[in-house]
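The values are calculated or read from the model by the stated rules, or taken from the named source; none is laboratory data. Since this is a predicted model, take the numbers as computed values, not measurements. So basically every Cβ, Gly included, is an ideal-geometry build from the backbone, and we count neighbours across all protein chains shown.
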Amino acid sequence: PQGEESLRILVGTEGDSPLQMDINTTETEASEPWDYVVVADHCTQRNPRQVQRQQQFPEELERKGFCYRAREDQAKVFFGIRADNRVFDRYRRLLMEPEATAPRGELARPTSIPATTRIQIVNFVLNSKMAAGDTLQDLVKDGVFEAVFPLHKVSGGPAGKGPEGRT
């Protein structure tokens, strides 16, 4: 369908074929793909405290202006996380005028945020303390989530190959 974008994530192997997960976005959900994917193992679903912490984290992100969607396969739960542009409005003035001490007039709305800046800001927010007192890294360390990785578009070849493919 028009306006639909799909990211295919290779998350491991099941036999000889890679286990794949599609995260789709449509025009009504977003005009950009997910910023991060957070992965949890189904074995954590047996522990009510772990399940509660898994649910609290994306819900708190949602209150901060993030969108998320959970998808499951036989072994894992995947949380696609994307920051709404409102999240970046909070950091825009600081990024443009880091030494400014007094507030100034409203800045013109940027047309786009560079991918590297977007990932840095989202990473900063994800690793800031949430209401429950946990950071994302605390949740990974405690086994609530097992992996976290940023998603970004790579043009000009595989990641890490040439100036356009840097990660």
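So here's what we get for this one:
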read-out	value
Flag if Ala75 is modelled with pLDDT of 85 or more, exposed (fewer than 14 other Cβ atoms within 10 Å of the Cβ) and not basic (Lys, Arg)	yes
Restricting the stretch 56-81 to residues that are within 16 Å of Ala147 (Cβ to Cβ) and among the basic types (Lys, Arg), the residue that is nearest to the chain's Cα centre (by Cα)	Arg71
Residue match in the stretch 23-37 (condition: under 25 Å from Val125 (Cα atoms), at pLDDT 50 or above, in a helix (DSSP H, G or I) and touching a strand residue (DSSP E or B) at 6+ places or on another chain (Cβ under 6 Å))	no
Answer residue from the stretch 113-132, given it is at pLDDT below 85 and small (Gly, Ala, Ser) and is nearest to the chain's Cα centre (by Cα) among those	Ala115
Residues that are of a type outside the set (Lys, Arg) and in contact (Cβ under 8 Å) with a residue 40 or more places away in the chain, drawn from the stretch 76-97	Phe78, Phe79, Gly80, Ile81, Ala83
Close pairs (7 angstrom Cβ cut-off, 6 or more residues apart or separate chains): of a type outside the set (A, V, I, L, M, F, W, C) in the stretch 113-130, at pLDDT 90 or above and surrounded by 20 or more Cβ atoms within 10 Å (Cβ to Cβ) anywhere	Arg118/Asp35; Asn127/Leu136
Any hit, the stretch 91-112, residues being of a type in the set (A, V, I, L, M, F, W, C) and modelled with pLDDT of 80 or more	no
From the options Val148, Val144, residue that is at pLDDT 75 or above, outside any loop (DSSP other than H, G, I, E, B) and surrounded by 15 or more Cβ atoms within 10 Å (Cβ to Cβ)	Val148
